[in-house]
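Accompanying notes for the structure given below.
The values are calculated or read from the model by the stated rules, or taken from the named source; none is laboratory data. Predicted model only: the values in this text are computed from it and were never measured. We place every Cβ from the backbone using ideal geometry, glycine too, and count neighbours over all the protein chains shown. When the accessible area is computed, the model is the full protein with side chains, heavy atoms only, and any ligands, DNA or RNA have been set aside. Shrake-Rupley method; radii C 1.70, N 1.55, O 1.52, S 1.80 Å.
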Amino acid sequence: MSCRSRLLKTGISCILSFMTDQNDLPAPGRRRALTSLLAAGTVAGTLRLTGRARAADEPPKEALTSHGHQPSNAHIEPADQPGANNKPVIRTQSDYFYRPSIHFSPPTGFMNDPNGLIFDGQTYHLYYQYDPTAPYAGRVHWGHATSTDLYTWQDQPIAIDQTAAGEAYTGCVVLDRNNVSGLFPPRKPDVPAVPPAATTATQAAVQALAPELRKTTSDTPYAPDRMPALGPNESAPFGSVYAPPNGAETHAAPPALSPMPGGLVAIYTRATPQSQTQYIAWSPDGGQHYIDYDHNPILNIGVNSFRDPKVFWHEASGKWIMVVVSARAHKVLFYGSIDLLHWMHLSSFGPAGLFGVDYECPNLIELDIEGEEKGSRWVLFVSVNPGGPLGGSVTQYFVGDFDGERFTPDNTVIGLTDFAKDSYAMQVYDSMPDNKAVYFAWFGNWQYCEEVPNRSWRGLMTLPRRMSLRRDEMNWLRLVQRPYGLEAFRGEKIPFKVDRIAAQSGVQVALPTGTAIELLLTVTVDERSNPQPDGEQGRAGRFVIVFSNGQGESLSIGFDAFSSQLWLDRGDLHGFSQPFFTERFSTPLIANSRRFSLRLVLDACALELFANDGLSVATALVFPANPLTTLGLQATNTGATIEELALYPLRKTMDRPTAL
């Protein structure tokens, strides 16, 4: 099975890394230094240092903590506890009831951070942190799914295993089109560019590499609806769920990449209790499997909280850039390379922004500015856990400039990607058409993600979101997020025409059962002649959107016209309760404005809100004990004009058993 460790190849595993001094002064001629670095490797073979250089940013070892047998994280990994995976997991109705139909979720087991997001020219790849053996964090592998539209996903075999070298933590995938890494073997002239249908080059490569890959069809879990109800035993600690008969599961391979010298390369963190180092691996088959480089790690600063590399090609400086965190030191480190194997430390950023315990999952991307201003700015995203203002995990961002070596923020202001608390560890897609900035985030929070009521699977992804920047009414550049490509999955509009709602009244419509829905709404609340406090009615009127059922449960989103603030209240749902499961959230919109717009997606346990065309966003898990069957619109002590109202069912895209 895939959780079994593979033997490591023997060999030297030191790295060649150059560090700046403690002041991170810009060093002249970095391009020459990088070129010389590669030349030295070419002349002298694979050059290695017997020791290692200590980074100026590195925290003292006594400041680092460890969870004993686990890698150093702010979150404990229950699945790494001895015997944890021998506990039987019993499917319940919750596994179907809370399973989303348009958001990606794993077949079984536990999923968290998105990894290796890349569009290879034909196929979107979604890799993710994955424990295939239990619905708890730990025993981390890279799960994998592919899509041609970012919504309809085909499960693929596990791409990177946990091995004797450690768990496979978060990382990225890039397209090494010209084989600058030298990891890909030369193509034989007699091998056709498009393999024949009978036996493809990919199949031949996988068969030839099978002993090293240690892959069989049993590496892929059953979907919950196909799981035999068998209990655990010595040879199958999780029952037969993860050991289907040979050939029982098949995988549609993604389309082959165009002929090129190179291919897909993964750069990721190998994690043990003693160390976190950066590894590189190459794929012989278009991203289905990855083979570790013989001389890993490629980057090692000798600490156990150094993780989550995100690599991209920086055209202006002509080199690869790696953004990675020294988690406990609260620093983002920038490295440069021209061959993906040898890395030079360029600069560091932080500590900055929220305090928190660990910095994680950094992303750096250039985003377009909307409106007349045009142009672009660089945005650095850093996830923090725990330490969010509402508790647990959160993602912050900084707007500034990047010159190929150093990120410089425009000011001391930080932004948060979300005003709720269930969006974390976002990662931007690499090689998107027209350089679109599209990302997935993990839909969860480390404070309660392993306790939610669904049991045979845990974890889901947000909708794919496209990003840009826009100036708000105070002239601050702020992040804008919108669902990407969702319109293609709308069904026939649900009849619900309303132009006005009078004070102290409301309207309702029945919702389709077990179906994801999308609501588009633009409202202006009337002026109130006497804006004095009026109990729960609000001083200047409130407009409320309510999802409810006959059992007395409700999920509400409301706008207070006096303060121009939006709220989200999941506290009247009865399917899940936990001390850290915050019930209410709010955010300011446009000061002194009585008008707001909202785009809302509700999909089983997943709620996403995009207010004022994506300027304020909320991502929240919701767990009603019974289906929400009615949508209501209500006005309190003043009326409201409905300028736009559209309600759509969303076509199911995930081949998973749901409440339908």
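For region 158-190, give me each residue that is outside any loop (DSSP other than H, G, I, E, B) and of a type in the set (Phe, Trp, Tyr). It would help to see each step written out before you state the result.
Residues of region 158-190 outside any loop (DSSP other than H, G, I, E, B): 158-160, 163, 166-176.
Scanning region 158-190 gives a single hit, 169.
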Task: Which numbered condition residue 270 misses (of (1) open to solvent by 10 Å² or more (accessible area, probe 1.4 Å); (2) of a type in the set (Lys, Arg); (3) at negative phi) - done: (1)
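Somewhere in region 481-490, is a residue within 26 Å of residue 510 (Cβ to Cβ), open to solvent by 40 Å² or more (accessible area, probe 1.4 Å) and of a type in the set (Asp, Glu)?
Looking only at region 481-490, we keep the residues that are within 26 Å of residue 510 (Cβ to Cβ), and these are 483, 486-490.
Narrowing the set further to residues that are open to solvent by 40 Å² or more (accessible area, probe 1.4 Å) leaves 487-488, 490.
From what is left, the residues that are of a type in the set (Asp, Glu) are 487.
Scanning region 481-490 turns up at least one residue that is within 26 Å of residue 510 (Cβ to Cβ), open to solvent by 40 Å² or more (accessible area, probe 1.4 Å) and of a type in the set (Asp, Glu).
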Open item on the list: I'm trying to understand the selection: among the residues of region 369-420, which are open to solvent by 50 Å² or more (accessible area, probe 1.4 Å), β-branched (Val, Ile, Thr) and part of a strand (DSSP E or B)?
Closed with: 408
TODO: Inspect all residues belonging to region 573-583 and state whether any of them is crowded, with 16+ Cβ neighbours inside 10 Å and under 30 Å from residue 438 (Cα atoms).
DONE: yes
Task: Unmet requirement for residue 434, which otherwise passes all of (1) open to solvent by 10 Å² or more (accessible area, probe 1.4 Å); (2) more than 23 Å from the chain's Cα centre (by Cα); (3) at positive phi - done: (2)
- [ ] Check residue 287 against each of (1) open to solvent by 10 Å² or more (accessible area, probe 1.4 Å); (2) in contact (Cβ under 8 Å) with a residue 12 or more places away in the chain and name the one condition it does not meet.
- [x] (1)
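A quick yes/no check of all residues on (1) without any contact (Cβ under 8 Å) to a residue 24 or more places away in the chain; (2) more than 30 Å from residue 374 (Cβ to Cβ); (3) among the aromatic types (Phe, Trp, Tyr); (4) not in a loop (DSSP other than H, G, I, E, B):
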{"site": "493", "(1), (2), (3), (4)": "no, yes, no, no"}
{"site": "503", "(1), (2), (3), (4)": "no, yes, no, no"}
{"site": "506", "(1), (2), (3), (4)": "no, yes, no, yes"}
{"site": "514", "(1), (2), (3), (4)": "no, yes, no, no"}
{"site": "529", "(1), (2), (3), (4)": "yes, yes, no, no"}
{"site": "543", "(1), (2), (3), (4)": "no, yes, yes, yes"}
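Among the candidates 419, 407, single out the residue that is among the aromatic types (Phe, Trp, Tyr), in contact (Cβ under 8 Å) with a residue 12 or more places away in the chain, over 15 Å from residue 106 (Cα atoms) and out of contact with any Gly (no Cβ under 8 Å at 6 or more places or on another chain).
Values: 407 fails: out of contact with any Gly (no Cβ under 8 Å at 6 or more places or on another chain).
Going through 419, 407 in turn, the sole match is 419.
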Open item on the list: Checking the conditions here, which among 636, 630, 641, 619 is under 24 Å from residue 560 (Cβ atoms), hydroxyl-bearing (Ser, Thr, Tyr) and open to solvent by less than 10 Å² (accessible area, probe 1.4 Å)?
Closed with: 619
- [ ] Search region 343-366 for residues that are over 12 Å from residue 331 (Cα atoms) and open to solvent by less than 30 Å² (accessible area, probe 1.4 Å) and pair each with any residue that is at pLDDT 95 or above and among the acidic types (Asp, Glu) when their beta-carbon atoms are under 8 Å apart and the residues are at least 6 apart or on different chains.
- [x] 346/405
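Return yes when residue 444 is of a type outside the set (Val, Ile, Thr) and assigned to a strand (DSSP E or B) and no when it is not. Walk me through it before giving the result.
Numbers: of a type outside the set (Val, Ile, Thr): yes; assigned to a strand (DSSP E or B): no.
No, not satisfied.
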Open item on the list: Checking residue 552 against (1) of a type outside the set (Asp, Glu); (2) under 24 Å from residue 640 (Cα atoms); (3) surrounded by fewer than 20 Cβ atoms within 10 Å (Cβ to Cβ): exactly one of these is not met. Which one?
Closed with: (2)
